[in-house]
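Below is one structure, written out as structure tokens; the observations come after it.
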Amino acid sequence: MNGLGAEIWQAVVVCFAAVFTNNILLTTFLGMCPFTSVSREVRTAAGLGGAVVFVMTFTCLLNWMAYHWILVPLGLEFFRFILFIIIIAAFVQVVEMILDRFSPRLYQNLGIFLPLITVNCAILGASLFMVIREYSLIVTIGYGFGSGLGWLLAILAMAGIRQRFSESRVPAGLQGPGITLIIAGLMALAFIGFTGVLS
Amino acid sequence: MVLEIIRDVLAVSTVAAFLTLVLILCEGMISNYGPCEVTLNGSRKETVQGGKSLLLSLQEKKIFIPSACGGRGTCGVCKVKVLEGGGPLLPTETPLLTQREQQASVRLSCQVKVRGPLAIEIPEEFFRMHQYRARCSRIEDLTYDMKRFTFELTEPETISFTAGQYVQLRCPPYKGSREEVSRAYSIASDPLENRRIDLIIRRVPKGICTTWCFEYLREGDPVSFTGPFGDFYLRDTQTPKLFIAGGSGLAPFVSILWQMKHAADGRQTVFFFGGNRMEDLCLLDEMKAFEQALPNFRFVPVVAKPASESRWSGQTGLVTEAVQRSFERLDGWEGYLCGGPGMIEAAMRVLRQMGIPDEKIYYDKFA
């Protein structure tokens with residue numbers, strides 16, 4: 001019981017770190033494509049971010065199981081890249097079908113972003129990090145959820161900022177992705193400030 | 001070593017197969033919306049298998065909504081009114097619908113998925129529209145750049161159309177055109193001859209479909225088209241009619257004249273047919289036959305620039321000039337125009353000046 005308690009505590013810590021200090025978007029710059037292209041409005045950014053949280057949590061969990069229960073016993077660790085990708089793709093497909101069928105409202109808000117996420121490198125990245133860092137199952141859940149949440153937070157902040165400065169005059173050469181990357185850099189610096197808050 | 005390889009390959013294949021199985025099961029169980037009832041124009045009901053786009057579902061029921069891009073949501077042609085059950089407007093549709101259309105609940109039928117009962121409204125003529133398969137049975141030179149193609153219907157075996165309507169001929173991919181395209185051509189045959197249609201096609205330089213018709217299509221080849229479309233037909237009024245055509249704009253009038261011949265139409269009708277040179281004129285004998293059959297029909301060929309040595313004794317100059325020379329006023333007439341945009345615009349202007357109001361001028365403009 002004590003071991004489980006410790007693990008849950010570790011999961012919380014990892015989750016917190018994944019949201020702030022080790023934010024997958026701002027420290028590793030994964031998932032930049034939708035980050036720059038879908039961050040014009042807070043509403044759509046929230047939809048995409050929500051989809052990322054959901055998909056990342058569950059794919060990390062599924063991939064952990066596939067890795068530790070299938071690949072490791074067979075000594076096929078090198079195969080994880082391909083396996084993770086097909087698991088993510090299949091999972092997203094199934095979720096899309098379920099949403100489309102049972103919750104048209106949610107599908108309307110979230111579902112149209114799902115195919116975008118299938119090929120999002122942040123999703124695959126989170127699964128690969130969880131292997132490299134040798135997280136346990138429970139910690140992996142915390143990590144997947146935290147990484148998704150961190151991504152959501154970053155894109156929400158970015159969308160908020162971009163909505164604010166949509167009226168301001170950005171030099172011609174920096175409009176669009178240019179200024180977005182500069183802002184992302186400043187945000188990354190700010191997020192480093194969280195280091196040491198929880199250790 | 002070999003065993004290990006086999007085991008690994010098997011393991012990986014099993015995982016992939018399992019995932020595929022899950023997807024197939026989901027597809028069959030979750031994405032299976034069962035039969036859905038689509039109510040068309042408040043009266044006709046069709047039961048379709050749910051889960052597909054409205055455009056495809058209707059196609060399976062032999063109701064063909066015109067679509068240029070084939071359901072990719074880029075052309076915006078397949079608009080229909082969805083009164084009930086269409087769900088919210090999708091981001092893929094908004095760029096192709098005007099504000100007014102959005103308020104009138106117009107949707108793109110290729111983007112609306114059939115998830116349950118639907119009520120939609122489409123123009124009545126879509127019901128009469130079919131897809132036809134035919135065999136090109138005859139290709140005949142009319143001029144140096146116009147040919148008449150005869151298509152014998154194979155499936156369905158007959159077609160019912162109103163003289164003056166057109167069909168969309170499908171041009172398959174060929175060397176020089178990678179995609180299938182459809183082009184509209186007026187039917188130029190007797191509407192009572194319902195087992196075949198004639199099309200009169202003029203070669204367009206670099207035209208995708210006309211190049212195919214002129215260089216690749218051979219007698220005996222299969223063709224397919226959809227139709228009939230269009231509201232260019234002879235109005236049932238007692239007023240005298242003026243027809244004006246240039247080039248292959250002749251086609252719908254051939255069909256209309258057949259219809260008039262069968263009805264022993266006694267209304268006064270004058271047909272001005274313009275060409276650049278004498279070589280551009282065609283079907284003069286057939287027109288003479290119509291003149292003999294219809295006592296009040298007159299055919300006036302017009303040559304814009306007859307070669308000086310030719311023996312052309314008829315009207316010269318533009319068709320519109322010939323009309324102006326032949327009539328002082330055209331009050332109380334109806335105008336029927338078919339030809340290129342330039343000719344239509346010019347003829348509209350002249351007819352308006354001569355006393356035909358816009359609503360009495362019917363035209364079929366080449367795009």
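Close Cβ contacts (under 8 Å, 6 or more residues apart or on different chains) running from residues in segment A:94-106 that are more than 10 Å from chain B (Cβ to nearest Cβ) to residues that are of a type outside the set (S, T, N, Q) comprise A:LEU106/A:LEU99. Please work out if A:LEU83 is open to solvent by 10 Å² or more (accessible area, probe 1.4 Å) and of a type in the set (A, V, I, L, M). Judged against the criteria, A:LEU83 is not a match. Just one of the listed residues (B:GLY164, B:GLY220, B:GLY227, B:GLY266) is touching a residue at least 40 places away in the same chain (Cβ under 8 Å) and exposed (fewer than 14 other Cβ atoms within 10 Å of the Cβ), and it is B:GLY220.
Scanning segment B:21-43 for residues that are within 8 Å of chain A (Cβ to nearest Cβ) and out of contact with any Gly (no Cβ under 6 Å at 6 or more places or on another chain), we see that the one that is surrounded by the most Cβ atoms within 10 Å (Cβ to Cβ) is B:CYS26. Checked against (1) modelled with pLDDT under 90; (2) at the interface with chain B (Cβ under 10 Å from one of its Cβ atoms), A:ALA66 passes all but a single condition, namely (1). In segment B:60-107, of all residues being farther than 18 Å from A:GLN108 by Cα and among the basic types (Lys, Arg), the one that is surrounded by the fewest Cβ atoms within 10 Å (Cβ to Cβ) corresponds to B:ARG100. Does A:CYS60 count as open to solvent by 60 Å² or more (accessible area, probe 1.4 Å), away from every other protein chain (no Cβ under 14 Å) and in contact (Cβ under 8 Å) with a residue 60 or more places away in the chain? Taking the combined requirement at face value, the residue does not satisfy it.
Picking from residues in segment B:279-314 that are in a strand (DSSP E or B) and open to solvent by less than 50 Å² (accessible area, probe 1.4 Å), the one that is farthest from B:ALA245 (Cα to Cα) is B:PHE297. Scanning segment B:204-217 for residues that are open to solvent by 10 Å² or more (accessible area, probe 1.4 Å) and either in contact (Cβ under 8 Å) with a residue 60 or more places away in the chain or within 19 Å of the chain's Cα centre (by Cα) (or both) yields B:VAL204, B:GLY207, B:ILE208, B:THR211, B:TRP212, B:PHE214. Within segment A:124-158, the set of residues being farther than 23 Å from A:ALA90 by Cβ, polar (S, T, N, Q) and open to solvent by less than 10 Å² (accessible area, probe 1.4 Å) is empty. Considering only residues in segment B:142-161 that are part of a strand (DSSP E or B) and over 16 Å from B:SER189 (Cα atoms), the one that is most open to solvent (accessible area, probe 1.4 Å) turns out to be B:GLU155.
Say whether the condition of being β-branched (Val, Ile, Thr), in contact (Cβ under 8 Å) with a residue 40 or more places away in the chain and touching a Phe, Trp or Tyr at 6+ places or on another chain (Cβ under 7 Å) is met by at least one residue in segment B:320-342. Among the residues of segment B:320-342, at least one is β-branched (Val, Ile, Thr), in contact (Cβ under 8 Å) with a residue 40 or more places away in the chain and touching a Phe, Trp or Tyr at 6+ places or on another chain (Cβ under 7 Å), which makes the answer yes.
Per the listing B:PHE229, B:PHE243, the residue uniquely modelled with pLDDT under 90 and aromatic (Phe, Trp, Tyr) is B:PHE229.
Name the residues in segment A:73-86 that are within 7 Å of another protein chain (Cβ to nearest Cβ) and assigned to a helix (DSSP H, G or I), would you? Within segment A:73-86, A:LEU74, A:PHE79, A:LEU83, A:ILE86 qualify.
The values are calculated or read from the model by the stated rules, or taken from the named source; none is laboratory data. Only a predicted model underlies this, so the values are computations on that prediction, with no experimental measurement involved. Neighbour counts are summed over all protein chains in view; Cβ atoms, including those assigned to glycine, are modelled from backbone coordinates with ideal geometry. Please note that ligands, DNA and RNA were not included when accessible areas were found on the heavy atoms of the full protein model with its side chains. Shrake-Rupley method; radii C 1.70, N 1.55, O 1.52, S 1.80 Å.
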